[in-house]
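Here is the structure we will look at, set down as structure tokens.
The values are calculated or read from the model by the stated rules, or taken from the named source; none is laboratory data. From a predicted model like this one, the values you see are computed outputs, not experimental measurements. Cβ: placed from backbone, ideal geometry, glycine included. Neighbour counts: every protein chain shown. Each accessible area value is taken on the protein alone, full model and side chains, heavy atoms only, with ligands, DNA and RNA left out. Shrake-Rupley method; radii C 1.70, N 1.55, O 1.52, S 1.80 Å.
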Amino acid sequence: MTFNFESTKKDILNKKDKSNIGFIDKDILKLCDKINSNSNYFTTSSCSGRIVLVLDGKKRKDIFLFRTHDKINFNELKYKILEISEKFKKELIYFKQEPCLIVVSCKNKESQWKLFSEARNNGWKKSGILSLDKKILVELMSTENISFPIIKNRRILVDDKFLKIVLNKSNKNLEKGWSKIKYLEKKMDYL
């Protein structure tokens, strides 16, 4: 069976969003729309960056205990950490600030290389070519991220001073990612 780019694009874009939040987050929506309106590309996955509290371990449905794609203030985060620390008696829980990312299916290797090169040369440093065969895929990922254990056996592992420093850096990282998204959004007019 051969891969038909146009048919697959139409099918994918007409399907219900399968992500566990069920929609494209607002700070990457315009970029996704621009990519999907280009005849050479369509998106298969995206995230504008996020701050999460997650259970340690393999992927599972309930891994996310808290998630936001927006900046957050200290009091909101501290409340969530205290709330979670009371509920989970023996689990290891991580704080993560994750970078923006987008996976794009490309019509051909030339369009794949154009998008990959543009993104990689403008801040999406963890980008890679995922497939060169039937489905020609590229994953564009920024570099801003933070990850560390924050709760173990109901005990909060960091003090407020450290948490404020990390949160400030995490919020700045989200802003950096959003500026990279806006830049790529403008560049899509020329790809």
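Considering only residues that are more than 24 Å from F23 (Cβ to Cβ) and at pLDDT below 95, look in the stretch 56-81 and name the one that is least open to solvent (accessible area, probe 1.4 Å).
Here the residue is G57.
So, of the residues in the stretch 132-156 that are open to solvent by 60 Å² or more (accessible area, probe 1.4 Å) and in contact with a Phe, Trp or Tyr (Cβ under 8 Å, 6 or more places away or on another chain), which turns out to be farthest from Q112 (Cα to Cα)?
Only one residue fits best here, namely R154.
Go through (1) exposed (fewer than 14 other Cβ atoms within 10 Å of the Cβ); (2) touching a residue at least 12 places away in the same chain (Cβ under 8 Å) and name the single condition L167 misses.
It is condition (1) that L167 fails.
Could you list, ordered by first residue, the pairs with Cβ atoms under 9 Å in which the first is in the stretch 78-100 and hydroxyl-bearing (S, T, Y) and the second is open to solvent by 70 Å² or more (accessible area, probe 1.4 Å), at least 6 apart or interchain?
S85/R154; S85/R155; Y94/D56
What is the residue count in the stretch 176-191 for residues that are open to solvent by less than 80 Å² (accessible area, probe 1.4 Å) and in a helix (DSSP H, G or I)?
9
So in the stretch 86-99, with the set limited to residues that are in contact with a strand residue (DSSP E or B) (Cβ under 6 Å, 6 or more places away or on another chain) and more than 19 Å from S170 (Cβ to Cβ), which one is most open to solvent (accessible area, probe 1.4 Å)?
E91
Is one or more of the residues making up the stretch 108-125 surrounded by 12 or more Cβ atoms within 10 Å (Cβ to Cβ) and more than 26 Å from S46 (Cβ to Cβ)?
Checked against the condition, which is being surrounded by 12 or more Cβ atoms within 10 Å (Cβ to Cβ) and more than 26 Å from S46 (Cβ to Cβ), the stretch 108-125 yields no hits at all.
Does the stretch 1-57 hold any residues that are of a type in the set (V, I, T) and either in contact (Cβ under 8 Å) with a residue 24 or more places away in the chain or at positive phi (or both), and which are they?
T2, T8, I12, I21, I28, I35, T43, T44, I51, V52, V54
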